[in-house]
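Heads up, the thing below is written out as structure tokens.
The values are calculated or read from the model by the stated rules, or taken from the named source; none is laboratory data. In this text the structure is predicted, and so the values were computed from the model without any measurement. With ideal geometry, Cβ positions are generated from the backbone for all residues, glycine too; neighbour counts draw on all protein chains shown. Heavy atoms of the whole protein, side chains included, go into the accessibility calculation; ligands, DNA and RNA do not. Shrake-Rupley method; radii C 1.70, N 1.55, O 1.52, S 1.80 Å.
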Amino acid sequence: MAELPTDVWRNLPAAKRDRVLAAALDEFAAVGYSRGSLNVISREAGVAKGSLFQYFTDKLDLFATVAEVVSARVRTGIEPRIDEIRAAQRQPDFAEFLVAALDLWVRWFAEHPVDRGVTAATNLEMDPDVRAAVRDVAHRHYLEVLRPLVVAAVERGEVHGDPEVLLAWLLMLLPHLALAPFLPGLDPVLGLHGASPDEIRDTARRLLAPLLGGKA
């Protein structure tokens, strides 16, 4: 598990932290974590490469910090709108709510390519240590948003089954659906790459309705 950034990092001027983070986000969004170059990041941020190891205890710390920044930014951008969708439902339908929430997520990725690239890197990282470090961060945000919604839906009888099993399925399925429209080859069956928002919603309904006890 990655350590927290150092006191040196926390005491940096905000503008300097922002430059380092922007350079790291751009690099990892473009080529992924393991292939990302600290030389490129330090050059683009205007800092010495050695300074990065004063800011972060190791590469995993840097990777996890980037995953945290993007996960929190996406969550801050869409969570209030998710709450509004849930509150506006006249007839509670958890599958339809998730379709609407996924639509928000897809639209966010369409408008924020760096967030999309980092999220793709987080979900598709091949190195097991790096993958664990960055996905632990992302999963914490997903679970903090999804767990109370799933538990409440089960308690209301909207869906049936073990909430933890449903959460496990959703954590495997929803990031895939959010990224598949933008990543060629991620979806080999349903034609999600390049699909329109309406097509994505229809496909999400087909996938989610049987899982949550409805009809496809």
Give the accessible surface of the chain per residue, rounded to a whole number of Å², with probe radius 1.4 Å and ligands, DNA and RNA excluded. 52
Give me the distance in nm between label points sitting 7 Å out from Cα along the Cα-to-Cβ direction at Leu124 and Val165, one decimal. 3.2
Can you run phi through the Karplus equation (6.51, -1.76, 1.60; θ = phi - 60°) for segment 10-26 and list ³J(HN,Hα) in whole Hz, with x for Gly and Pro? 5, 8, 5, x, 4, 5, 6, 4, 4, 5, 5, 5, 4, 5, 5, 4, 4
Which FRET efficiency value, to the nearest 0.05, do you get for Met172 and Ala72 by plugging their Cβ-Cβ distance into 1/(1 + (r/R0)^6) with R0 = 30 Å? 0.90
Once a ≥ b ≥ c are taken as the square roots of the eigenvalues of the Cα gyration tensor of segment 88-177, is the result rounded (a/c under 1.5), prolate (a/b larger than b/c) or oblate (a/b not larger than b/c)? oblate
Each residue of segment 104-121 in order: what ³J(HN,Hα) in whole Hz does its phi give by Karplus 6.51 cos²θ - 1.76 cosθ + 1.60, θ = phi - 60°, with x for Gly and Pro? 4, 5, 4, 5, 4, 5, 5, 8, 10, x, 5, 4, 5, x, 5, 5, 4, 4
From the Cα gyration tensor of the chain, with a ≥ b ≥ c the square roots of its eigenvalues, which class applies: rounded if a/c is under 1.5, or else prolate if a/b is larger than b/c, or else oblate? prolate
³J(HN,Hα) across segment 133-150 via Karplus (A = 6.51, B = -1.76, C = 1.60, θ = phi - 60°), whole Hz, x for Gly/Pro? 5, 7, 6, 4, 5, 4, 4, 4, 5, 4, 5, 5, 7, 7, 4, x, 5, 5
